[in-house]
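The values are calculated or read from the model by the stated rules, or taken from the named source; none is laboratory data. It should be emphasised that the depicted structure is a prediction, and the values quoted were computed from it without experimental measurement. Neighbour counts run over all protein chains shown; Cβ positions are idealised from the backbone, glycine included.
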Amino acid sequence: MIASLFLAFTDYNLLQPPQFSGFDNIAEMAGDARLWNSLRVTLTYVIVSVPLQLALALAVAVLLDRGMRGLAFYRSIFYLPSLLGGSVAIAILWRQVFGKDGIVNEFLAWFGIEGPGWISHPDYALATIIILHVWTFGSPMVIFLAGLRQIPDMYYEAAQVDGAGRVRRFFSITMPLLTPIIFFNLVLQIIFAFQSFTQAYIVSGGTGGPSDSTMFFTLYLYKEAFTELNMGYASAMAWFLLIVIAGFTAFNFWLSKFWVFYDD
């Protein structure tokens, strides 16, 4: 990290010794339209995909918490996408699913609908990667399930005696007591989403296209570092990303005091 911080203030191309350049990289970042577009794409991805993923994970966890037969099997099946979601193989599969002649368009063709090439259309390409991220809900689901198991049954029994229905019990008991787990998952998934790289790289063929619609910040950083050999500029970008993630994390910790409830 210290070496990276030093390189952020240098002009370094991996082939020659780094030359100190002061704040030139920072000034270049301020005027780099492609960088700010990549940050916008990444923010859109984070803001849309993380809440959807956590909502799905919580819904599945609530269903699995009812003590159904074969719980361990279902829990493993739902967790499997989290193990594979960041892999190259799954990203390649996603290209086959949402390609022009992919599974989605074959399904739409049954109803006489001609679907576009989802991953090659700038209006839909990012949405396909968001769906891929939401699909990998297994990790937060397992954590939610563990949190649900820690809520004492006596609270639900008392509420049921008082005439509270399932919806009222969920919002008056489950949600407040689960807020520390929700907060934990929220912070982790935001950090993971900001660092997403493999999905965008494989789905877009490493270009961030079409029209930079899937140019994540990490993908642009990678291209500057290892394609353009602007290692000093890429180091400055990496530290900027660290500051952005730290800012979001700090904001979440500040906001948590208004909605997260602990035992004490």
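Would you say Leu177 is of a type in the set (A, V, I, L, M) and under 17 Å from the mean Cα position of the chain (by Cα)?
On the way: of a type in the set (A, V, I, L, M): yes; under 17 Å from the mean Cα position of the chain (by Cα): no.
Spelling it out, it is not the case that Leu177 is of a type in the set (A, V, I, L, M) and under 17 Å from the mean Cα position of the chain (by Cα).
Quick one: in the stretch 40-59, which of the residues that are among the aliphatic types (A, V, I, L, M) and crowded, with 19+ Cβ neighbours inside 10 Å is nearest to Tyr222 (Cα to Cα)? Write out each step before concluding.
Here is the first cut: in the stretch 40-59, the ones among the aliphatic types (A, V, I, L, M) are 41, 43, 46-48, 50, 52, 54-59.
When the remaining residues are screened for being crowded, with 19+ Cβ neighbours inside 10 Å, the result is 41, 46, 50, 54, 57-58.
On the way: Val41: 16, Val46: 19, Val50: 23, Leu54: 28, Ala57: 31, Leu58: 34 Å.
This residue is Val41.
Within the stretch 186-243, can you find the residues that are of a type in the set (Phe, Trp, Tyr), closer than 16 Å to Ile47 by Cβ and buried (at least 20 other Cβ atoms within 10 Å of the Cβ)?
To start, the set of residues in the stretch 186-243 that are of a type in the set (Phe, Trp, Tyr) comprises 192, 194, 197, 201, 216-217, 220, 222, 226, 233, 239-240.
Checking which are closer than 16 Å to Ile47 by Cβ leaves us with 192, 194, 216-217.
Passing the criteria: Phe194, Phe216, Phe217.
Yes/no matrix, rows are residues, columns are (1) of a type outside the set (Val, Ile, Thr); (2) closer than 30 Å to Ala91 by Cβ:
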position	(1), (2)
Trp135	yes, yes
Gly138	yes, yes
Phe144	yes, yes
Glu157	yes, no
Val167	no, no
Met175	yes, no
Leu178	yes, no
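Give the residue that is surrounded by the fewest Cβ atoms within 10 Å (Cβ to Cβ), with candidates limited to residues of the stretch 60-83 that are under 15 Å from Leu148 (Cα atoms) and among the β-branched types (Val, Ile, Thr). Show your work before the answer.
Of the residues in the stretch 60-83, the ones under 15 Å from Leu148 (Cα atoms) are 60-68, 71, 75.
Filter once more, keeping what is among the β-branched types (Val, Ile, Thr): 60, 62.
Numbers: Val60: 19, Val62: 17.
Selected residue: Val62.
So Thr207 passes all but one of these: (1) β-branched (Val, Ile, Thr); (2) under 30 Å from Met154 (Cα atoms); (3) outside any helix (DSSP H, G or I). Which condition number does it fail?
The one condition Thr207 does not meet is (2).
Take Gly232 and tell me if it is out of contact with any Ser or Thr (no Cβ under 7 Å at 6 or more places or on another chain) and either over 30 Å from Gly147 (Cα atoms) or modelled with pLDDT of 95 or more (or both). If you could, list the steps in order and put the result at the bottom.
Numbers: out of contact with any Ser or Thr (no Cβ under 7 Å at 6 or more places or on another chain): no; either over 30 Å from Gly147 (Cα atoms) or modelled with pLDDT of 95 or more (or both): yes.
It is false that Gly232 is out of contact with any Ser or Thr (no Cβ under 7 Å at 6 or more places or on another chain) and either over 30 Å from Gly147 (Cα atoms) or modelled with pLDDT of 95 or more (or both).
Given the conditions (1) closer than 15 Å to Pro51 by Cα; (2) at pLDDT below 90, and given that Arg166 satisfies all but one, which numbered condition is not satisfied?
Only one criterion in (1) closer than 15 Å to Pro51 by Cα; (2) at pLDDT below 90 is unmet by Arg166, namely (1).
Tell me, yes or no, whether the stretch 97-107 has at least one residue that is in the same structural domain as Phe216 (by TED's automatic domain parsing), in contact (Cβ under 8 Å) with a residue 12 or more places away in the chain, within 18 Å of the chain's Cα centre (by Cα) and crowded, with 16+ Cβ neighbours inside 10 Å.
No, the stretch 97-107 contains no residue that is in the same structural domain as Phe216 (by TED's automatic domain parsing), in contact (Cβ under 8 Å) with a residue 12 or more places away in the chain, within 18 Å of the chain's Cα centre (by Cα) and crowded, with 16+ Cβ neighbours inside 10 Å.
Quick check on the stretch 64-73. Is at least one of its residues of a type in the set (D, E, K, R) and outside the structural domain of Tyr201 (by TED's automatic domain parsing)?
Filtering the stretch 64-73 down to residues of a type in the set (D, E, K, R) leaves 65-66, 69.
Applying the additional criterion that residues be outside the structural domain of Tyr201 (by TED's automatic domain parsing) yields none.
Checked against the condition, which is being of a type in the set (D, E, K, R) and outside the structural domain of Tyr201 (by TED's automatic domain parsing), the stretch 64-73 yields no hits at all.
Restricting to the stretch 159-174, count the residues that are surrounded by 13 or more Cβ atoms within 10 Å (Cβ to Cβ), in a helix (DSSP H, G or I) and either of a type in the set (A, V, I, L, M, F, W, C) or more than 27 Å from the chain's Cα centre (by Cα) (or both). Full working, then the answer.
Step one: of the stretch 159-174, the residues surrounded by 13 or more Cβ atoms within 10 Å (Cβ to Cβ) are 159-160, 164, 168-170, 172-174.
Now drop any that are not in a helix (DSSP H, G or I), which leaves 159-160, 168-170, 172-174.
Going one step further and asking which of them are either of a type in the set (A, V, I, L, M, F, W, C) or more than 27 Å from the chain's Cα centre (by Cα) (or both), we end up with 159-160, 168-170, 172-173.
Qualifying residue count for the region: 7.
Could you grab me the full set of residues in the stretch 128-150 that are buried (at least 16 other Cβ atoms within 10 Å of the Cβ) and not in a helix (DSSP H, G or I)?
Correct list: Thr136, Phe137.
Which one of these does Asp123 not meet: (1) at pLDDT 90 or above; (2) outside any loop (DSSP other than H, G, I, E, B); (3) surrounded by fewer than 17 Cβ atoms within 10 Å (Cβ to Cβ)?
Unmet condition: (2).
Being farther than 30 Å from Ile129 by Cα, among the aromatic types (Phe, Trp, Tyr) and surrounded by fewer than 17 Cβ atoms within 10 Å (Cβ to Cβ) is the filter here; which residues of the stretch 2-39 pass it?
Of everything in the stretch 2-39, those that are farther than 30 Å from Ile129 by Cα, among the aromatic types (Phe, Trp, Tyr) and surrounded by fewer than 17 Cβ atoms within 10 Å (Cβ to Cβ) turn out to be Phe6, Phe20, Phe23.
In this structure, is Tyr79 at pLDDT 95 or above, of a type in the set (Phe, Trp, Tyr), assigned by TED's automatic domain parsing to the domain that holds Ser196 and within 19 Å of the chain's Cα centre (by Cα)?
Working: at pLDDT 95 or above: no; of a type in the set (Phe, Trp, Tyr): yes; assigned by TED's automatic domain parsing to the domain that holds Ser196: yes; within 19 Å of the chain's Cα centre (by Cα): yes.
For Tyr79, the condition - at pLDDT 95 or above, of a type in the set (Phe, Trp, Tyr), assigned by TED's automatic domain parsing to the domain that holds Ser196 and within 19 Å of the chain's Cα centre (by Cα) - is not met.
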